[in-house]
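Trainee: Next up is a structure, given as structure tokens.
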Amino acid sequence: MALNATITKRDRTRVLTSGAEVVQTRFVVNFRHPHTGRRSQRFYKCHRGALACRDDLVASMATGTFNQLR
């Protein structure tokens, strides 16, 4: 079974107590858990971390060593 993992970019807007708005950019790796079929998401601050996670997920599914750690 092939793993279809996508990376999306999300901007989270937060309002500080001073009234100023802060935008936090997050990169999300979206995929379906291969054993349960449930959607899983992993969040990263930088795109490079999200790419590494996606590549690790695809490689672990290809070799049959996928293990979901929490």
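Trainee: With surrounded by fewer than 10 Cβ atoms within 10 Å (Cβ to Cβ) and not in a loop (DSSP other than H, G, I, E, B) as the only criterion, which of 28, 23 stands out?
Mentor: 23
Trainee: Also, quick follow-up: Being among the acidic types (Asp, Glu) and over 15 Å from the mean Cα position of the chain (by Cα) is the filter here; which residues of region 1-41 pass it?
Mentor: Within region 1-41, just 21 meets the criteria.
Trainee: Would you please name the residue that is farthest from residue 46 (Cα to Cα), looking only at residues in region 3-20 that are open to solvent by 90 Å² or more (accessible area, probe 1.4 Å) and touching a residue at least 12 places away in the same chain (Cβ under 8 Å)?
Mentor: So, considering only residues that are open to solvent by 90 Å² or more (accessible area, probe 1.4 Å) and touching a residue at least 12 places away in the same chain (Cβ under 8 Å), the one farthest from residue 46 (Cα to Cα) is 4.
Trainee: If I go through region 33-53 residue by residue, how many of them are at negative phi and either in contact with a helix residue (DSSP H, G or I) (Cβ under 7 Å, 6 or more places away or on another chain) or open to solvent by less than 80 Å² (accessible area, probe 1.4 Å) (or both)?
Mentor: Count: 12.
Trainee: Another question, then. State whether the residues of region 54-65 include one that is open to solvent by 40 Å² or more (accessible area, probe 1.4 Å) and closer than 15 Å to residue 9 by Cα.
Mentor: Yes: region 54-65 contains one or more residues that are open to solvent by 40 Å² or more (accessible area, probe 1.4 Å) and closer than 15 Å to residue 9 by Cα.
Trainee: Also, quick follow-up: State the number of residues belonging to region 40-55 that are in a strand (DSSP E or B) and not hydroxyl-bearing (Ser, Thr, Tyr).
Mentor: Selection size over region 40-55: 3.
Trainee: What is the number of the single condition among (1) part of a loop (DSSP other than H, G, I, E, B); (2) at pLDDT 95 or above that residue 70 does not meet?
Mentor: In the conditions (1) part of a loop (DSSP other than H, G, I, E, B); (2) at pLDDT 95 or above, residue 70 misses (2) alone.
The values are calculated or read from the model by the stated rules, or taken from the named source; none is laboratory data. Everything numeric in this text was worked out from a predicted model, so none of it was measured. Positions of Cβ are backbone-derived with ideal geometry, glycine not excepted, and every protein chain shown enters the neighbour counts. Ligands, DNA and RNA are stripped out before the accessible areas are found, and what is left, the full protein with its side chains, is counted by its heavy atoms. Shrake-Rupley method; radii C 1.70, N 1.55, O 1.52, S 1.80 Å.
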